[in-house]
Amino acid sequence: MKPHRGFFGCLWGLLWLAWLPGWAVAADWMATPGEPLQPLIEQADSGDRLLLPAGRYPGQIILDRTLHIQGEPQAILDAGGNGHAVILTAPNTILEGVQIENWGHNLTELNAAIFVEATAQGSTIQHNQLSGPGFGIWLDAVSNVSVIENTIRGDTQLRSQDRGNGIHLFNVSESIIADNDVAQTRDGIYLDSSRHNVLRDNTLHDLRYGVHYMYSFDNRLEGNLTRQTRTGYALMQSKRLEVIDNRSEEDDNYGFLMNNITDSILSGNHVEGVTQPLGADGEGLLDGGDGKALFVYNSQFNRIENNRFAASDIGIHLTAGSEDNLMEGNAFIANKQQVMYVATREQDWAGNYWSDYLGWDLDDDGIGDTAYEPNDAMDHLLWRYPSARLLMQSPAVLALRWVQRQFPVFRPPGVKDSAPLMSEPE
C-alpha cells in the first residue's frame with residue numbers, strides 16, 4: 001500500500017502547487033489555419049506554446065507574454081500589407097519556423113516583419129522565412145537577443161534604396177546574429193549605435209552593403225560571407241571592432257570599406273574579385289573608379305594582418321590620413337594595382353607577400369633582400385589626372401620610370417615593404 005499512498009501523495013502535491021499564486025503548468029495551444037492568431041495568444045499564459053500547422057494565418061500579432069510560437073513547414077503569417085507583422089514585447093519569447101509575408105513598406109514607420117522592442121530581452125528568433133518590402137527584423141534598444149538561421153528576402157520590384165534592411169540593430173547590446181541568409185534587401189545587416197554584439201557565419205548577397213556598421217563599438221564580425229554586393233563590409237565611424245575570418249567574393253566597388261575606424265583588428269579575411277562595374281559607355285559607375293579589395297579612409301591605429309586580397313582592381317587604397325596602422329602578414333595577389341596610397345608621409349609595411357615582387361632571397365630566409373615599392377611618381381600623377389592614362393606606354397613615361405628606378409631620390413613618399421615575404425603565408 002505504500003506505493004499507492006505515495007502516488008496519491010504526489011498527485012495531491014501537484015494539485016496543491018497548481019493553486020499557488022504565479023505557478024502554472026505550461027500548455028500547448030493548436031492554431032487553426034485561416035483564423036487570426038491574436039485571440040489565441042490572448043488566451044495563453046506566459047510559458048505556453050502555440051503550435052501553427054501548415055496553412056495561412058491572417059493579421060498582425062503582438063507577443064506581450066512569454067510564449068513559444070512554433071510553426072510547421074508552410075505555416076504562413078500574412079500581415080495584410082500594413083505595419084509590422086509581429087511585435088515582440090515580452091522577454092524570453094521564442095519565434096521559430098514561421099513564414100512571414102506581406103507586411104508594410106513604410107520605412108519611416110520602421111515597418112518590419114518582426115519588430116523587437118526593448119522589453120523583449122532574451123528572446124530568440126530562429127528558422128523563420130521572411131519575404132517582403134520593409135525591414136526584415138528590427139531590434140530596437142534590446143539586449144541579449146538571438147537571431148539564428150533565418151532566411152530573409154526583399155522585394156525586387158522596389159528600388160534598392162526603397163527597401164528595408166534585412167536585420168537592423170539600433171542601440172542593441174549582447175546579441176548574437178548567426179547563420180542567417182539575407183538577400184535583395186537594402187543592406188544585409190545594419191548596426192547603429194550598438195555594442196558587444198556578435199555577427200557570425202551569415203551569408204549576405206545581392207545587396208547594397210552586406211554588413212554596415214555606424215557608431216558601433218566593441219563588436220565582433222566573424223566567419224561571414226558577402227557575395228555580389230555593392231560593398232561587402234562597410235565599417236564606418238566605429239571603434240574596437242574585431243573583424244575575423246570573413247570572406248568577400250565578387251563584390252563591386254569595395255570588399256572592405258573602413259571609414260573613420262580606430263583601434264580595430266582585421267585578421268584572416270579573404271577578399272577576391274572586387275571590380276568596378278562599367279556602364280554602357282564603358283566608364284565606371286562610381287566616381288573615384290576601380291574596385292578596391294580594401295579601402296581605408298581616415299582610419300588609424302588598426303591592426304590589419306594575415307588577410308588575403310586577390311584578383312581585384314586595387315588591392316588596398318589608403319587616403320585621408322590613414323596612417324599608423326599595422327600591416328603585417330597580408331597577401332596581395334594578382335591585383336591590377338597592388339597599392340594606391342595618397343599622402344605625403346612614407347610608410348613601411350614590413351612582412352607582407354606581394355605576387356608581383358621581383359626581388360631575390362640569397363640567404364634563403366624567406367624574406368626578400370630588397371624592398372618592395374609598388375608605386376612611383378607616375379602613379380601619383382595618374383591618380384591626380386586619370387586622363388593621363390593614355391600616355392602610360394609612351395616613351396616619355398617609360399623614360400621617367402627608368403630614371404626613378406635608377407635614382408630613388410626622385411621617388412615620392414609612399415608605401416614600401418622593407419621585408420617582403422617570398423611565399424604566401426598559410
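Quick notes on this structure:
- The strands (runs of 3 or more DSSP E) found entirely in the stretch 216-256 that carry 2 or more residues being at pLDDT 95 or above and either at positive phi or crowded, with 24+ Cβ neighbours inside 10 Å (or both) are 231-239.
- Which listed residue is crowded, with 17+ Cβ neighbours inside 10 Å, in contact with a Pro (Cβ under 7 Å, 6 or more places away or on another chain) and modelled with pLDDT of 95 or more, from Arg153, Arg200, Arg186, Arg163: Arg163
- Some residue of the stretch 292-311 being at pLDDT below 95, charged (D, E, K, R) and farther than 16 Å from Met236 by Cβ: no
- The stretch 118-127, residues that are assigned to a loop (DSSP other than H, G, I, E, B) and either open to solvent by less than 10 Å² (accessible area, probe 1.4 Å) or at positive phi (or both): Ala120, Gly122, Ser123, His127
- Of everything in the stretch 25-61 that is out of contact with any Gly (no Cβ under 9 Å at 6 or more places or on another chain) and β-branched (Val, Ile, Thr), the residue that is nearest to Gln99 (Cα to Cα) is Ile61.
Quick grid of which residues meet (1) modelled with pLDDT under 50; (2) open to solvent by less than 100 Å² (accessible area, probe 1.4 Å); (3) of a type in the set (A, V, I, L, M, F, W, C):
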site	(1), (2), (3)
Phe7	yes, no, yes
Cys10	yes, yes, yes
Gly13	yes, yes, no
Leu17	yes, yes, yes
Ala24	no, yes, yes
Ala27	no, yes, yes
Pro36	no, yes, no
Leu40	no, yes, yes
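- Among residues of the stretch 114-130 that are closer than 12 Å to Ile152 by Cα and in contact (Cβ under 8 Å) with a residue 24 or more places away in the chain, those with a Cβ under 6 angstrom from a residue that is assigned to a loop (DSSP other than H, G, I, E, B) and not small (Gly, Ala, Ser), sequence gap 6+ or separate chain, pair up as Gln126/Glu149; His127/Glu149; Asn128/Val98; Asn128/Asn150.
Yes or no, residue by residue, for (1) surrounded by 16 or more Cβ atoms within 10 Å (Cβ to Cβ); (2) touching a residue at least 24 places away in the same chain (Cβ under 8 Å); (3) not hydrophobic (A, V, I, L, M, F, W, C):
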| site | (1), (2), (3) |
| --- | --- |
| Asn325 | yes, yes, yes |
| Gly329 | yes, yes, yes |
| Lys336 | no, yes, yes |
| Glu346 | no, yes, yes |
| Tyr353 | yes, yes, yes |
| Leu358 | no, no, no |
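- Tally of residues being of a type outside the set (Ser, Thr, Tyr), more than 16 Å from Asn150 (Cβ to Cβ) and open to solvent by 30 Å² or more (accessible area, probe 1.4 Å) across the stretch 62-73: 5
- The residues in the stretch 82-96 that are farther than 18 Å from His168 by Cα and either touching a residue at least 40 places away in the same chain (Cβ under 8 Å) or open to solvent by less than 20 Å² (accessible area, probe 1.4 Å) (or both) can be counted, and the count is 2.
- Candidate set: the stretch 292-323, residues that are open to solvent by less than 40 Å² (accessible area, probe 1.4 Å) and touching a His at 6+ places or on another chain (Cβ under 6 Å); chosen: the one farthest from Gly273 (Cα to Cα): Phe295
The values are calculated or read from the model by the stated rules, or taken from the named source; none is laboratory data. This is a predicted model, so every value here is computed, not measured. A quick note on method: Cβ atoms are made from the backbone with ideal geometry, for glycine too, and the neighbour counts reach across all protein chains shown. Surface areas here come from the heavy atoms of the whole protein model, side chains and all, with no ligands, DNA or RNA. Shrake-Rupley method; radii C 1.70, N 1.55, O 1.52, S 1.80 Å.
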